[in-house]
Amino acid sequence: MRVIVASTPKTGNTWMSRLLSVIYDLSLAVLPPTFNAAVAEEQGPRWVALQHYYPRPDVLAWKRRHQDVRIVTMMRHPGDVLVSLWHMLRNKSYDPDRDLGLSTMLMLNGNQMGQHTVQYVKEDFFHGLYISLDWMNTGASLVVRYEDLWRDPAGTLTQLTDRISPVPQNRIESAVDLCDISMLRKLHGDPQGKMFRKGGPGNWRRELPDSVLDVFRHQEPYPALFGALGYTLDSHDPLIDAPKKPRESTNPFLEKGRFDNGVQVPVVIIKLYLLLDPALKE
């Protein structure tokens, strides 16, 4: 099985790739920014990778040649995509060798969004939104909304894996706990949450200034893009305000980070425990 999470940046790609890696025991592969079939073949028979590929003919042709290849596409409210991108640049939680293009304009306003943010939104931001939309329109990928994954991760992953290759429910539950944001911060040495922030839907309502919202509302292609992606700028959008589905964590160390003798529980112990066969946990 080979999976490419191909989506607009900042839509939950890293989260999804980690979840699928755990669920299917896939290695995390690194693919170049421009798709190369030879490089993809060199990664081996079982991996998952994230990359912001458009559904160009070479990617689609490679997928058609291999029945074991799946494309998963994440979708997220464009306002929250912009907020997440702004925080990433502000926190410098990105690959320093990556070509950031015009998005570096978001760094010019300091600790608040201003005229440079508006200029970036007018001139360039919309290009990236077409990645997820174009994949959705091809019908060649499995589309997952970030808001659904955040609200009901186990249920959303069950629907997705049923289309890829069904797995036991306990495997999905363990993956959700292992890829919980607090665990990702521990596993990747990110205690301050620079790379793995709080996430969640609807942050755009609190963080985007009116000047940016006006562009979203009135300047094309944004009104058409929002409609095609299935999002609105309604402050009471049920897609955002629907409550998070309650679930009981399978991680006994979630609230208790130390053993009874006071020794801190190592992250590797938590990871091994969550991946144990359920019968061995009893």
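In the range 126-145 there is at least one residue matching the filter, namely being modelled with pLDDT of 95 or more, open to solvent by 60 Å² or more (accessible area, probe 1.4 Å) and of a type in the set (Gly, Ala, Ser).
Hey, does the range 271-281 have a residue that's more than 25 Å from GLN169 (Cα to Cα) and either out of contact with any strand residue (DSSP E or B) (no Cβ under 6 Å at 6 or more places or on another chain) or modelled with pLDDT under 85 (or both)? No, the range 271-281 has no match at all. Residues in the range 208-232 that are touching a residue at least 40 places away in the same chain (Cβ under 8 Å), assigned to a loop (DSSP other than H, G, I, E, B) and closer than 26 Å to GLY139 by Cα: PRO221, GLY230, TYR231. Determine whether GLU123 is modelled with pLDDT under 95 and under 20 Å from PRO221 (Cβ atoms). Considered against the rule, which asks whether it is modelled with pLDDT under 95 and under 20 Å from PRO221 (Cβ atoms), GLU123 comes out as yes. Answer yes or no as to whether VAL83 is in a helix (DSSP H, G or I) and either charged (D, E, K, R) or crowded, with 20+ Cβ neighbours inside 10 Å (or both). Answer is yes for this residue.
When LEU108 is tested against the conditions (1) crowded, with 17+ Cβ neighbours inside 10 Å; (2) modelled with pLDDT under 80, the lone failure is (1).
Each row is one residue, and each column tells you yes or no for (1) open to solvent by 20 Å² or more (accessible area, probe 1.4 Å); (2) modelled with pLDDT under 95.
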residue	(1), (2)
PRO153	no, no
THR161	no, no
SER165	yes, no
SER174	no, yes
LEU187	yes, yes
LYS194	yes, yes
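Among the residues of the range 17-35, those identified as out of contact with any helix residue (DSSP H, G or I) (no Cβ under 6 Å at 6 or more places or on another chain), in contact (Cβ under 8 Å) with a residue 24 or more places away in the chain and more than 21 Å from GLN67 (Cα to Cα) are ARG18, PRO33.
The set of residues in the range 1-21 that are among the hydrophobic types (A, V, I, L, M, F, W, C) and either surrounded by fewer than 23 Cβ atoms within 10 Å (Cβ to Cβ) or out of contact with any strand residue (DSSP E or B) (no Cβ under 6 Å at 6 or more places or on another chain) (or both) comprises MET1, TRP15, LEU19.
Test of understanding: among VAL59, VAL72, VAL48, which residue is outside any strand (DSSP E or B), surrounded by 15 or more Cβ atoms within 10 Å (Cβ to Cβ) and in contact (Cβ under 8 Å) with a residue 40 or more places away in the chain? One residue alone meets the criteria, VAL59.
The values are calculated or read from the model by the stated rules, or taken from the named source; none is laboratory data. These numbers were taken from a predicted model, which means no experiment stands behind them. No Cβ is skipped: glycine too gets one built from the backbone with ideal geometry, and neighbour counts run over all protein chains shown. The protein model used for the area step is the full one, side chains on, heavy atoms only, and it has no ligands, DNA or RNA in it. Shrake-Rupley method; radii C 1.70, N 1.55, O 1.52, S 1.80 Å.
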